[in-house]
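Trainee: The structure under discussion is supplied below as structure tokens; questions concerning it will follow.
Readers should treat all values here as calculations from the given coordinates under stated rules, not as data from a laboratory. The shown structure was predicted, so the numbers you read here are calculated from the model rather than taken from an experiment. Because the Cβ atoms are built from the backbone with ideal geometry, glycine has one as well, and the counts that use them run over all protein chains shown.
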Amino acid sequence: MQKEQISVFDMFKIGIGPSSSHTLGPWRAAQQFVQMLDDKHVLPLVVGVKVLLYGSLAKTGKGHGTDIAILLGLRGDDPVTFEVDQVGPKTEGIRTSNKITLAGKKEVSFFVNDDLLFLFNESLPYHPNAVTFQAFLNNGTALSETFYSIGGGFVVKEGAQGHHKSEVDLPFPIETANNLLHWCIKTGLKISEVVMENELAWRGEKETLDGVLNIFKAMKECIYRGCHTTGLLPGGLNVGRRAASLNRKLIGNHPYNNFDEWLLAIRKTGNSFQNTLDWVSCFALAVNEENASFGRVVTAPTNGAAGVVPAVLQYYLVFCDGYSNERIVQFLLTASEIGSIFKKGATLSAAMGGCQAEIGVSSAMAAAALTECLGGTQRQVLMAAEIAMEHHLGMTCDPIGGLVQIPCIERNTMGAIKAITASQLALQTNPDNAKVSLDAVVKTMWHTALDMNSKYKETSDGGLAINIPLSLPEC
């Protein structure tokens, strides 16, 4: 049986917040459904559609913007290019007109309250994040497809075989950390170099480098935007943005006009432990405040954990003098491979594994990437990833009001700091003396996920979600 092949561009996806599994995944599923109708030449025959949300997609869907994502996906809009300031106007237009234009081609009646249903007490067996689309044709027949949003923006159609990405003969097939280490030892290549060789099986070097740098462009724009935007986050919790005020406080009187000048200004504020800690928190807060506001972010490996990798990368650029295209590519390639190992051996879905599958994985990815870029050996890189995840094991997902805000935003700051700490520990340790391997911690994470009560798997049925007395009109 062919093993799953995961590219850096599968692990890092540009999209719109607030959730990869509850926003980006359903958005992509809706796109695929209307594309199927168009491919089968039945789109002109459609007179109505109905959408059924199950499990975690139903329970926290409104807080996560699942309904909004599906409406835009049915319209055929693309989350990579869709103008984020049009999210509200376009979806409100559907709600008020009671009409939707499928794939931008076929207008049908659509009553959101009747045709987009949240089935809170129903789940499908394959995965907690399930959505069924039904299209009714003018000849009296109907077409139906069910999709599962399995975390990190990955979507699986029920009954589908294989993957949408073309299968290739990878020079270094990798399923586990031990496989990765084997290839590194055999070839003498760094982890990032092994990853690049695999990427070249899909596309040319220039296309790969340009694509990775485009991922970085989206990350840096998100951080910069988040550090200069004020106000309250949407959703009813009345959570105020903190990154902008923290940026103003930390930057002081140092002037700047763009991202590059901002980095230089940050360096001038000093590199004391407290100052560095504050800046890393600021970077992570910025990304996830953008994410919570339906802003454009990079899934890394999820939207709820989108701030960890960019924050640690930004730390490396500013405080470790790593601002070069070569180092940025090295960082992101290394991070992506660690994320893919967790996806293959466990899960990236909080609905399956709790927050250990999101913040835990992102922290492991960032720790590994930072370690390689700071000169760590391949074993130290894997050790850093293991340390970061080991100290996230068992972390639950219990978002208040089903919103990706509390505790999600602050958890990104914690994950980033843990990643830096894990990297430092690994760099100061002989990995030959390590007692726990990365593969062992991946296996442990999966077993922990299986044992975790469903209340703590992105349902808002337990933990903070039921112990904080807040009244939310949306939930």
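Trainee: What does the net charge come to around Cys355 if you take all other residues with beta carbon closer than 12 Å to its beta carbon, with K and R at +1 and D and E at -1?
Mentor: -2
Trainee: What GluC sites (Glu not before Pro) in region 146-234 are in a loop by DSSP, with at most 15 other Cβ atoms within 10 Å of the Cβ?
Mentor: Answer by residue number: Glu158, Glu167, Glu175.
Trainee: Per residue, how much space in cubic angstrom lies within the convex hull of the C-alpha atoms of region 225-272?
Mentor: Enclosed volume per residue, from the Cα hull, is 83 Å³.
Trainee: Continuing with the same structure: So which trypsin sites (Lys or Arg not before Pro) in region 15-122 end up in coil per DSSP with only 15 or fewer other C-beta atoms within 10 Å?
Mentor: Lys40, Lys105
Trainee: Using alpha carbons only, how many angstrom separate the centre of region 30-80 from the centre of region 323-381?
Mentor: One Cα centre to the other: 31 Å.
Trainee: Which log10 I(q)/I(0) values does the chain give at q = 0.11, 0.13 Å⁻¹ under the Debye formula, counting every alpha carbon as one identical point scatterer?
Mentor: Taking Cα atoms of the chain as identical point scatterers yields -0.86, -1.18.
Trainee: Semi-axes of region 286-429's equivalent ellipsoid from the Cα gyration tensor, sqrt of 5 times each eigenvalue, largest first, rounded to whole Å?
Mentor: Over the Cα atoms of region 286-429, the ellipsoid semi-axes are 23, 17, 12 Å.
Trainee: Let me check against my output: what whole-number percent is the relative contact order of region 18-157, with C-alpha pairs under 8 Å and at least 6 apart?
Mentor: 39
Trainee: Right, something else. Counting alpha carbon pairs within less than 8 Å and at least 6 residues apart, what relative contact order, in whole percent, applies to the chain?
Mentor: About 18 percent, as a whole number.
Trainee: Counting other Cβ atoms within 10 Å, which trypsin sites (Lys or Arg not before Pro) in region 414-446 have at most 13 and lie in a DSSP loop?
Mentor: The qualifying sites are Lys435.
Trainee: Another question, then. Report the percentage of all Cα-Cα pairs in region 1-78 whose separation exceeds 19 Å, rounded to a whole percent.
Mentor: 46
Trainee: With r as the distance between the Cβ atoms of Lys435 and Thr176 and R0 = 25 Å, compute the FRET efficiency 1/(1 + (r/R0)^6) and round to 0.05.
Mentor: 0.85
Trainee: Along the charge dipole of region 177-467, which of Gly304, His182, Leu333 sits closest to the positive end, that is, farthest toward it, with unit charges on the beta carbon of Lys, Arg, Asp and Glu (+1, +1, -1, -1)?
Mentor: Working it through, the farthest residue towards the positive pole turns out to be Gly304.
Trainee: Grab the DSSP H runs of the chain that are 4 residues or longer, score each as -39,500 (n - 2.57), total them, divide by all residues and round the 222 nm result to the nearest 500 deg cm²/dmol.
Mentor: -15000 deg cm²/dmol
Trainee: Continuing with the same structure: On a full-extension model of 0.36 nm per residue, what is the gain between Glu221 and Glu83, subtracting their alpha-carbon distance, rounded to one decimal in nm?
Mentor: Value of the extension gain: 48.2 nm.
Trainee: Ok, one more. For the chain, what proportion of DSSP beta bridges, expressed in % and rounded to the nearest 5, is antiparallel?
Mentor: Just about 85 percent of them are antiparallel.
Trainee: Under a 5 Å amide H to amide H cut-off, with H placed in plane at 1.01 Å, what residues pair with His254 once short-range neighbours are removed?
Mentor: Those qualifying (amide H under 5 Å, at least 5 residues apart or on another chain) number zero.
Trainee: Could you list, in their original order, any pairs among Lys50/Lys343; Lys418/Lys443; Lys50/Lys344; Lys220/Lys455 whose Cα atoms are separated by more than 26 Å?
Mentor: Lys50/Lys343; Lys50/Lys344; Lys220/Lys455
Trainee: Under 5 Å between amide hydrogens, which residues at least 5 positions from Leu116 or on another chain qualify, with H placed 1.01 Å from N in the peptide plane?
Mentor: Those qualifying (amide H under 5 Å, at least 5 residues apart or on another chain) are Val51.
Trainee: For region 180-284, count all C-alpha to C-alpha pairs, find those more than 24 Å apart, and express that count as a whole percent of the total.
Mentor: 49
Trainee: Using a cut-off of 11 Å between beta-carbons, work out the net charge of the residues near Thr377 (Lys and Arg +1, Asp and Glu -1, Thr377 not included).
Mentor: Value of the local net charge: 0.
Trainee: Could I ask something else about it? Distance in nm between label sites at Asn258 and Lys206, each 7 Å beyond Cα in the beta-carbon direction?
Mentor: Taking the two extended label points, one gets 2.3 nm.
Trainee: What does the charge count near Ile174 come to, summing +1 for each Lys or Arg and -1 for each Asp or Glu among other residues with Cβ under 10 Å from its Cβ?
Mentor: Once positives and negatives cancel, what remains is 0.
Trainee: Evaluate 2.2 N^0.38 Å with N set to the residue count of region 355-475, then give the Cα radius of gyration divided by it.
Mentor: 1.19
Trainee: Under the rule a/c < 1.5 gives rounded, and otherwise a/b versus b/c splits prolate from oblate, where does region 38-124 land using the Cα gyration tensor?
Mentor: Taking the square roots of the gyration eigenvalues as a ≥ b ≥ c, region 38-124 is oblate.
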